[in-house]
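J.: The structure under discussion is supplied below as structure tokens; questions concerning it will follow.
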Amino acid sequence: MGERIDFRDGRWVVPDHPIIPFIEGDGTGPDIWRAARRVFDAAVDKAARGKRRVEWLEVLAGEKAFKQTGSWLPDATLDSIRAHRVAIKGPLTTPVGGGIRSLNVTLRQLLDLYACIRPVRYFEGVPSPMREPQRLDVVIFRENIEDVYSGVEYRAGSGEADALIGFLAERFGAKIRPGSAIGIKPMSKFGSQRLVVKAIQYALRAGRRSVTLVHKGNIMKFTEGGFREWGYEVAKERFGDKTITEDETGKGKAENGKVIMKDRITDAMFAQLVLRPDEYSVIAAPNLNGDLLSDAAAAQVGGLGLAPGGNVGDGYAVFEATHGTAPKYAGLDKVNPGSVILSGAMMFEELGWTDVAEAIVRGLGGAIRSRRVTYDLARQMAGATEVSTSQFAAGIIEHV
Ligand code: NAD
């Protein structure tokens with residue numbers, strides 16, 4: 001019998017037989033989920049030798065939910081994810097037309113999943129545009145709620161936009177061209193610091209060397225500049241004995257195994273990731289910077305096809321493939337299950353089942369090195385043999 005995962009005193013409490021809800025997803029979702037689940041079960045079995053096992057619990061969302069219940073996102077699904085705290089999902093079709101709740105947005109709001117986490121690493125053999133793609137190995141923590149993505153935005157010429165422009169001119173003498181569209185960029189100390197705390201906690205847990213705050217504080221002094229200032233402040237206040245700033249190390253202070261806190265201006269950071277990728281390990285960034293950096297970094301190691309993701313709050317987390325449903329290949333057992341498989345590895349790492357996460361990553365790395373890969377990789381790899389989704393999963397299991 002499975003048991004629920006709990007969260008107490010800031011820590012996951014994970015039973016040996018946790019119940020984990022999954023959404024298989026639309027389009028190619030069922031193909032990749034089937035493959036991923038086999039890999040997860042094999043990795044758990046291998047790492048725990050039968051002592052641990054996941055009890056997977058299907059919950060409905062997307063087209064399958066609509067067919068069976070008339071709702072794209074049934075309340076029962078949200079209730080189940082909330083009750084079980086940790087879930088994993090395949091891609092969902094975004095139905096065209098208004099009035100439909102987006103699962104990601106709903107969950108983010110409901111469970112306050114404020115950190116979007118994207119690990120980016122290279123797997124030997126994957127085609128990449130870089131000469132030495134293996135030098136990049138970062139985990140990006142992107143703030144998920146605030147910033148210009150907070151949704152406070154008004155159309156050009158609307159009453160709201162015009163009223164705001166008038167108010168800012170009258171009260172503060174701010175000069176904004178009449179008729180402009182207006183978007184608001186709220187960034188709080190609370191929202192910034194809890195994100196940075198997550199990044200530092202991860203760096204400490206995973207034995208990573210540095211946390212870099214990425215901001216555009218030279219121009220946006222109070223929002224992005226605030227992010228930088230609050231980030232350093234919380235590192236000092238809460239992790240003073242475990243972190244050291246880059247400035248301090250420059251003055252000859254020994255690191256003594258502490259996490260080095262540094263910061264970079266966003267535009268310079270894009271260049272740094274290309275030119276000196278090995279100097280970065282964990283990155284903490286506001287919403288927009290983090291969004292852009294995540295995809296740019298993923299492209300450097302061979303694209304989004306293998307990029308996993310997780311949305312994590314305090315005591316709640318949802319992991320997911322970062323690609324879409326690839327509908328033209330649905331049911332063909334053809335597409336690459338790597339993204340959802342690596343999302344599962346992230347999930348196990350978050351839950352403290354590091355041995356399982358390592359087994360999954362090892363398996364995937366081995367399968368890619370054997371050059372028996374799905375079409376998307378095979379067409380770009382010299383001497384590769386194209387295999388189906390399920391054959392690729394079998395290859396991963398062989399290397400677990
Ligand atoms: P997509 O990611 O489905 O496809 C983009 C391209 O990548 C296509 O050529 C596709 O064949 C290929 N591709 C995607 N996943 C692949 C995989 N695992 N292996 C090999 N090739 C893969 O993006 P799209 O076509 O823009 O969107 C299709 C649908 O997915 C839309 O309904 C969209 O709203 C939805 N979508 C969902 C999510 C999500 O749930 N997180 C994310 C993006 C898009």
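Every number here is computed from the coordinates shown, using simple stated rules; none is lab data. If you're wondering where the values come from, they're calculated on a predicted model, not measured in any experiment. In this analysis, Cβ positions are derived from the backbone assuming ideal geometry, glycine residues included, and neighbour counts consider all displayed protein chains.
J.: If you count the DSSP beta bridges with both ends in the stretch 1-147, what percent of them are antiparallel, to the nearest 5?
T.: The antiparallel fraction comes to roughly 60 percent.
J.: In whole percent, what relative contact order does the chain give with Cα contacts below 8 Å and a gap of six or more residues?
T.: 23
J.: Separate question: Does the stretch 259-325 come out rounded, prolate or oblate by the C-alpha gyration tensor, with a ≥ b ≥ c the root eigenvalues, rounded set by a/c under 1.5 and, if not, prolate when a/b is larger than b/c and oblate if not?
T.: Since a/c reaches 1.5 but b/c is at least a/b, the shape of the stretch 259-325 is classed as oblate.
J.: Let me know the shape class of the stretch 179-332, please: from the alpha-carbon gyration tensor, a ≥ b ≥ c as square roots of the eigenvalues, rounded when a/c is under 1.5, otherwise prolate if a/b is greater than b/c, or oblate.
T.: Taking the square roots of the gyration eigenvalues as a ≥ b ≥ c, the stretch 179-332 is prolate.
J.: Out of the DSSP beta bridges found with both residues in the chain, what percent are antiparallel (nearest 5)?
T.: 40
J.: A further question on this structure: Explain nothing, just the number: dipole magnitude of the stretch 87-158 about its Cα centre with +1 on each Lys and Arg Cβ and -1 on each Asp and Glu Cβ, in debye rounded to the nearest 20.
T.: Once rounded to the nearest 20, the dipole reads 220 debye.
J.: Here is a follow-up. Determine the dipole magnitude for the stretch 332-400: charges of +1 sit on the beta-carbon of Lys and Arg, -1 on that of Asp and Glu, nothing else is charged, the reference point is the Cα centre, and the result goes in debye to the nearest 20.
T.: That gives a dipole near 360 debye.
J.: Spelling out what I want: for every residue of the stretch 11-22, take phi, set θ = phi - 60°, compute 6.51 cos²θ - 1.76 cosθ + 1.60 (Karplus), and round to whole Hz; glycine and proline get x.
T.: Coupling constants for the stretch 11-22: 10, 6, 10, 10, x, 5, 10, x, 8, 10, x, 9 Hz.
J.: So, one more: Highest mean first, what order results for 354-366, 80-92, 373-385 on Cβ atoms within 10 Å?
T.: Result, highest mean Cβ count within 10 Å first: 80-92, 354-366, 373-385.
J.: Just name one of ALA76, ALA65, PHE22: the one whose Cα is farthest towards the positive end of the charge dipole of the stretch 18-84 (beta-carbon charges, Lys/Arg +1, Asp/Glu -1).
T.: It is PHE22.
J.: Turning to a different aspect of this structure: What residue among PRO186, GLY151, VAL373 has its Cα farthest toward the positive end of the dipole of the chain, where the charges are +1 on Lys, Arg and -1 on Asp, Glu, each on the Cβ?
T.: Looking along the dipole axis, the top candidate is VAL373.
J.: Next question, about the same structure. Considering only the stretch 123-279, what is the antiparallel percent among its DSSP beta bridges, to the nearest 5?
T.: Taking every DSSP beta bridge with both residues in the stretch 123-279, the antiparallel ones total about 20 percent.
J.: Under a 5 Å amide H to amide H cut-off, with H placed in plane at 1.01 Å, what residues pair with LEU57 once short-range neighbours are removed?
T.: ILE20, PHE22
J.: Using mean Cβ contacts within 10 Å as the protection proxy, how do 177-186, 137-146 order, highest first?
T.: Those peptides, ordered most packed to least, come out 137-146, 177-186.
J.: Under 5 Å between amide hydrogens, which residues at least 5 positions from GLY309 or on another chain qualify, with H placed 1.01 Å from N in the peptide plane?
T.: GLU320, THR322, SER343
J.: Something else: Students often check this: by mean Cβ neighbours within 10 Å, which of 234-242, 110-118, 208-216 ranks highest, and how do the rest follow?
T.: Sorting 234-242, 110-118, 208-216 by mean packing, highest first, produces 208-216, 110-118, 234-242.
J.: HN-Hα J couplings of the stretch 227-244 from phi, Karplus 6.51/-1.76/1.60, θ = phi - 60°, integer Hz, Gly and Pro as x?
T.: The phi angles translate into 4, 5, 5, 5, x, 4, 4, 6, 4, 6, 5, 9, 10, x, 8, 10, 10, 8 Hz.
J.: Next question, about the same structure. What list do you get for LEU136, LEU107 if you sort them by fewest beta carbons within 10 Å?
T.: By the 10 Å Cβ count, ascending, the order reads LEU136, LEU107.
J.: Determine the dipole magnitude for the stretch 253-400: charges of +1 sit on the beta-carbon of Lys and Arg, -1 on that of Asp and Glu, nothing else is charged, the reference point is the Cα centre, and the result goes in debye to the nearest 20.
T.: Here the stretch 253-400 has a charge dipole of around 440 debye.
J.: Give me the percent relative contact order of the stretch 190-294, please, defined on Cα pairs under 8 angstrom at least 6 residues apart.
T.: Result for the stretch 190-294 is 40 percent.
J.: What residues have an amide H closer than 5 Å to that of ASP26, excluding those fewer than 5 places away on the same chain, when H is modeled at 1.01 Å from N in the peptide plane?
T.: The list, which skips near neighbours in sequence, is LEU92, THR93.
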